[in-house]
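Q: Would you mind keeping the following structure in view while I ask a few things?
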Amino acid sequence: MSGRTLRRRVPWLLAGLILAMSTGCGHRGPAGKTPTAAPSDPTFRDFGNFEVHFNAIRSDELPAEVARAYGIERSANRVMLNVALMRKNPNAQASPADGDVTVTAYNLNGQLKDLKMRRISEGSSIYFIGEVSISGDEILVFDISATPLGQRAKYTVQFKREFFAG
């Protein structure tokens, strides 16, 4: 596959994987496989004119070509968080919105996890990804703060996911 083709396919592969994980696909693997994290709550929050979409998956669930393209370490002990800010349009469709996204993550013992978000812009798509390590089986709580460019409003979302290290 050429570099140009890969660059075109990777955003769609990542978006498709995030969508599949947000609907619970892959929640229980074949017998003998460690279960993956599956959302038990909604994967977006509506704020009127804007929506904040979010999801977190173990990074070893990413296809190798996607992980390479984004410089993500694939590991059963790492989690990738994906956040997208969407602006609602009058035609009832949402379009990507740029902004500032910050996230803190911690486990149920209150241990803060180092998580830096990176802004990704490809064509009309804008999203933010970050990676965090986990120690064995862990429940992580993510506190997301998103402010659309040119807006004063800061939208906050908190969600938690349970992860099972492989």
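Bear in mind that the values in this text are calculations on the coordinates, not laboratory data. The model shown is predicted, which means the values in this text are computed figures rather than measured ones. Using ideal geometry, Cβ is built from the backbone for each residue, glycine included, and neighbour counts are taken over all protein chains shown.
Q: Relative to the compact globular guide of 2.2 N^0.38 Å, what is the alpha carbon radius of gyration of segment 53-166, as a ratio?
A: Dividing the Cα Rg of segment 53-166 by 2.2 N^0.38 Å gives 1.11.
Q: What is the gain in length, in nm to one decimal, between S125 and R152 on full extension, counting 0.36 nm per residue of separation less the C-alpha to C-alpha distance?
A: 7.5 nm
Q: Among residues other than G130 whose Cβ falls under 11 Å from its Cβ, what is the net charge (Lys/Arg +1, Asp/Glu -1)?
A: Counting the neighbours of G130, the net charge comes to +3.
Q: Using the number of other C-beta atoms within 10 angstrom as an exposure proxy, rank L85, L140, L112 with the fewest first.
A: With the sparsest Cβ surroundings first, the list reads L112, L140, L85.
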